[in-house]
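*Asks:* Got a structure for you, written out below as structure tokens; questions coming shortly.
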Amino acid sequence: MKPLDLLLVSWAVGLTLFTAHVLGGSDAGDAPEPVPRNPAFRSIVLHHGAGHGREAPAPGLPHRLRLVDVTFHFFLGNGRGSPDGEVVTGHRWRDQVPGPHTGAPEVDRTSIGICLEGDLETSPPTRRQIGALLSLMDRLCREYAIPPEGVFAHHEVAPGSSCPGKGLPVEEIRAALARRLKAPPPQGCP
């Protein structure tokens, strides 16, 4: 290796170690800082895709671009566009910003939007979607202190809407969520 190459490699390694030390804390064992959460989120609103452009983003595009037009914080696949039960986290969640998912700005500012893939007006969600939904809401409700009564169907906060459709048993989901929240939190949950 030539002296200049050796100098450049040494400089790059030193800069990398310095950057890791400064950004990672003073001790190599320090845990990263938690992502700040939006304290305005006080409820959850459930939606369905219903073929109105709210299906899973195209998988071939870069991750950020795939989610840029999604108005929801989370999207749950049903096996037709996304894997069944897969939870896709949107950029609005990662950035902790409200999404225009209800048509009511005052609700949008304080709610987390979850969309289930499919037309739940004509068919029910899959078992995996329901399982993923309950797990996700369990975590969110515990983290944000949202009671089961703070979970709404879109039509409950936006009169005139039929979303998320007749196929989503919202009362049963709230009851199941209430039972889960009475139990100790799952491992790894706050």
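Rule-based calculations on the coordinates, nothing more; no lab input. Just so it is clear, the model here is predicted, and its values are computed rather than measured. Glycine gets a Cβ as well: all are built from the backbone with ideal geometry, and neighbour counts include every protein chain shown.
*Asks:* For residue 181 and residue 87 in one chain, what is 0.36 nm times their gap in residues minus the Cα-Cα distance, to one decimal in nm? Please report the intermediate quantities before stating the final value.
*Replies:* Numbers: separation 94, 0.36 × 94 = 33.84 nm, distance 2.01 nm.
Stretched out fully, the residue 181 to residue 87 stretch lengthens by 31.8 nm.
*Asks:* Continuing with the same structure: Could you tell me the largest-minus-smallest coordinate of the C-alpha atoms of the stretch 43-182 on each of the three principal axes, in descending order and whole angstroms?
*Replies:* That works out to 41, 30, 30 Å along the principal axes.
*Asks:* Could you tell me which of rounded, prolate or oblate describes the stretch 91-150, using a ≥ b ≥ c as the square roots of the eigenvalues of the alpha-carbon gyration tensor, with rounded for a/c under 1.5 and, failing that, prolate when a/b is larger than b/c and oblate otherwise?
*Replies:* Details: a/c = 1.84, a/b = 1.28, b/c = 1.44.
The shape class here is oblate.
*Asks:* Let me ask something additional. Once the Cβ-Cβ distance between residue 134 and residue 106 is put in as r, and R0 is 41 Å, what FRET efficiency do you end up with, to the nearest 0.05? Present the calculation step by step, with values, prior to reporting the outcome.
*Replies:* Working: r = 27 Å, r/R0 = 0.66.
Calculated transfer efficiency: 0.90.
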